[in-house]
1. Do you know which residues across segment 12-50 are of a type in the set (A, V, I, L, M) and closer than 20 Å to R71 by Cα?
2. Residue under question is Y27, and the condition is that it be of a type in the set (S, T, Y) and touching a helix residue (DSSP H, G or I) at 6+ places or on another chain (Cβ under 9 Å); does it hold?
3. Can you name every residue in segment 75-89 that is open to solvent by less than 60 Å² (accessible area, probe 1.4 Å) and under 21 Å from H40 (Cβ atoms)?
4. Given the residues R48, R76, which is the only one that is in contact with an Asp or Glu (Cβ under 9 Å, 6 or more places away or on another chain), more than 18 Å from E160 (Cα to Cα) and among the basic types (K, R)?
5. Step by step: first the residues of segment 1-54, then only those that are within 13 Å of the chain's Cα centre (by Cα) and of a type in the set (D, E), then the one that is surrounded by the most Cβ atoms within 10 Å (Cβ to Cβ). Which residue is that?
6. All but one of (1) within 18 Å of M20 (Cβ to Cβ); (2) assigned to a helix (DSSP H, G or I); (3) over 16 Å from the mean Cα position of the chain (by Cα) hold for K127; state the number of the condition that does not hold.
7. Go through segment 1-119 and tell me which strands (runs of 3 or more DSSP E), entirely inside it, have 3 or more residues that are free of Cβ contacts under 8 Å to residues at least 24 places away in the same chain.
Amino acid sequence: MNYLVIDTETTGLSPRIHEMIEFAAIYIEDGEKRHDFCFHIHPEYIERANPIALEINGYDIKNPRPAIPQRSGAKRINKILQGCKEGTIIVGHNVNFDLRFIAILLSRFGLRGLYPKLVLDTVPLSKSLYPELKSVKLSNVCKHLNLKQRNAHTALSDCEDVMNIINGVNINPSDLENLDLWKLIDQYGDLSD
């Protein structure tokens, strides 16, 4: 089973207004971690950024991180997605949020990296497995599973946390038959809304 754990950090919640400023992915092939990717993307419209989002992500407008241009970020993400084997499951915590930002970034540059893939969102997975949790935000699920978070709200660290959740519950995306599969794994449609 192959899966790609993804996470993005953004300048806000709306993919039509805000921008992706960090992308990370971990590619798992046949149960083994094969590659990880992480890079910052330079925002073109920082004036649209939500100050709370920037604070959460540790982004300092006066002292921005080294980052690649938007077009280069889109090309790298496209190459990562296109490099996945057929049948790869995209995994993330509230993954449709990330996929919407990815789809809009790629479409700005005429790239089509989001061909239909299976998607596993660990938010409904966590709700199904841990109904006693009042909130299934990533930090709460990690705490519930006694998983130590390294750097919350950095894309690669969040990918590692999601990977640890999958491993921590001893569930491989191929072993989900006992759960409500249609709530957990879905083929996404139009992600541009």
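1. Start the filter on segment 12-50 by keeping residues that are of a type in the set (A, V, I, L, M), which leaves 13, 17, 20-21, 24-26, 28, 41, 46, 49.
Scanning segment 12-50 gives I17, M20, I21, A24, A25, I41, I46, A49.
2. yes
3. Answer for segment 75-89, where residues must be open to solvent by less than 60 Å² (accessible area, probe 1.4 Å) and under 21 Å from H40 (Cβ atoms): I77, N78, I80, L81, G83.
4. R48
5. Among them, the one singled out is D7.
6. (1)
7. Correct list: 32-40.
The values are calculated or read from the model by the stated rules, or taken from the named source; none is laboratory data. Remember, predicted model here, so these are calculated numbers, not experimental data. Using ideal geometry, Cβ is built from the backbone for each residue, glycine included, and neighbour counts are taken over all protein chains shown. Ligands, DNA and RNA are excluded from the accessible area calculation, which covers all protein heavy atoms including side chains. Shrake-Rupley method; radii C 1.70, N 1.55, O 1.52, S 1.80 Å.
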